[in-house]
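Asker: Have a look at this one.
The values are calculated or read from the model by the stated rules, or taken from the named source; none is laboratory data. Predicted, not measured: the structure shown is a model, and the values here were computed from it. When we count neighbours, we look across all protein chains shown, and the Cβ atoms used for this are built from the backbone with ideal geometry, even at glycine.
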């Protein structure tokens, strides 16, 4: 299945591969190994893939005993893989490199040697257990890989023209019209419930069987839970409690994460390592509060205010609804027909966070509670516009999951911070329109931001 990250790999190969290795970090089952091997097949004369999750004594011996002598190392590596490497035209892949940190440390000398190019893939590559005793190489470029975004999902569904049409209409600031709007909304709803994990998308594409799709997603969730208890050490119970509480926290009207809901007397400082572990695992996307909507949102970040979203909304659905009575086909049918009694806002908002992250937008929100001065307001997301100017750099985004809604928070926000703001967006289920200087964006156009 076509992935946008392929273009990032091409850019690295053309501009930086002779100076640094590429490390692709991402959650388990996001498609790292697949896309890198496809890239190797298409763009190199030959390649060797070393999967450290399946490491045996033979390959371990090559790394343990011969890395200091690169001529000997490369000779034995080629014999092991039965692949001839061509200087300047071959790629060596270190898959699941977190399982053997010594190979990551060796990147410094391998890149300096200059004979071949190197790509590493991994998850949990930054946690203490996977970096102990090694020096992280400076000759390493790091990119994140996310679940398939909505445009990639449409490609996988055989819809090559629809995303182009959506982009064109977004650029022209015109609606799709009733027929294409319904079609795009059907697809975005399908994307929301299937999710962006390649294995789940492939299963749906081949079988259209929601039971099997749900089974795959629950297997992935079980992998994540096993990782918590395998890698999080003494913090595992705290990590698991945060992980299990995310759907309930998002179900609330005010979605800010409340640490006190985990345990009576819980304090943020006692859970700091657990939050760090979840962030590094890439299974969640953290949205931080900003004290004001000015350029350099990170400078105004309030670490005491944050919302936690799951990295994939399809997984959120399987994570949230684990009662046997509503698993599988019936759950998905009701979601597709909008017949499930729940606060759908948590799913739509999670989906928007997922699409913003796929576009490499850091997540921020604004919240203020001040009933006395009538400044009580909540803005779901803040993003910077593409070209920075002296004023008007921040785009506030409100997400609406129902047909009937108000925009009182957005209006207050516009009045209070008028010189800071560029285009205000309301993401909703209706078609595109501009009204009172607000851009009303259909949910499926979020990937255009």
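Asker: Restricting region 302-322 to residues that are assigned to a helix (DSSP H, G or I) and modelled with pLDDT of 90 or more, which is surrounded by the most Cβ atoms within 10 Å (Cβ to Cβ)?
Answerer: Only one residue fits best here, namely 314.
Asker: Further question on the same structure: Do you know which residues across region 6-34 are farther than 25 Å from residue 74 by Cβ and buried (at least 19 other Cβ atoms within 10 Å of the Cβ)?
Answerer: Correct list: 25, 26, 27, 29, 30, 31.
Asker: What number of residues within region 158-198 are buried (at least 16 other Cβ atoms within 10 Å of the Cβ) and either outside the structural domain of residue 428 (by TED's automatic domain parsing) or over 19 Å from residue 428 (Cβ atoms) (or both)?
Answerer: 8
Asker: Do you know which of the residues in region 59-68 that are more than 20 Å from residue 20 (Cα to Cα) and over 34 Å from the mean Cα position of the chain (by Cα) is surrounded by the most Cβ atoms within 10 Å (Cβ to Cβ)?
Answerer: Applying the filter and picking the extreme gives 62.
Asker: Also, I was wondering about something else. Whether any residue in region 293-301 is touching a helix residue (DSSP H, G or I) at 6+ places or on another chain (Cβ under 9 Å), buried (at least 16 other Cβ atoms within 10 Å of the Cβ) and in contact (Cβ under 8 Å) with a residue 40 or more places away in the chain is what I want to check.
Answerer: yes
Asker: It is to be established whether one or more residues within region 171-187 are modelled with pLDDT of 95 or more, in a helix (DSSP H, G or I) and under 20 Å from the mean Cα position of the chain (by Cα).
Answerer: Yes, because at least one residue in region 171-187 is modelled with pLDDT of 95 or more, in a helix (DSSP H, G or I) and under 20 Å from the mean Cα position of the chain (by Cα).
Per-residue answers, yes or no, for (1) touching a helix residue (DSSP H, G or I) at 6+ places or on another chain (Cβ under 7 Å); (2) buried (at least 21 other Cβ atoms within 10 Å of the Cβ):
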site: 81; (1), (2): no, no
site: 86; (1), (2): no, no
site: 90; (1), (2): no, no
site: 95; (1), (2): yes, no
site: 98; (1), (2): yes, yes
site: 104; (1), (2): yes, yes
site: 107; (1), (2): no, yes
site: 113; (1), (2): yes, no
site: 121; (1), (2): yes, yes
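Asker: Follow-up. If a residue must be in contact (Cβ under 8 Å) with a residue 60 or more places away in the chain and crowded, with 17+ Cβ neighbours inside 10 Å, how many such residues does region 380-412 contain?
Answerer: Total meeting the criteria: 7.
Asker: Could you say whether any residue in region 432-446 is over 22 Å from the mean Cα position of the chain (by Cα), modelled with pLDDT under 95 and over 25 Å from residue 176 (Cα atoms)?
Answerer: No; the residues of region 432-446 include none that is over 22 Å from the mean Cα position of the chain (by Cα), modelled with pLDDT under 95 and over 25 Å from residue 176 (Cα atoms).
Asker: On the given criteria, is residue 46 over 24 Å from residue 357 (Cβ atoms), crowded, with 16+ Cβ neighbours inside 10 Å and touching a strand residue (DSSP E or B) at 6+ places or on another chain (Cβ under 8 Å)?
Answerer: In short, yes.
Asker: Hey, does region 54-62 have a residue that's closer than 28 Å to residue 221 by Cβ and at pLDDT below 95?
Answerer: Yes, that holds for at least one residue.
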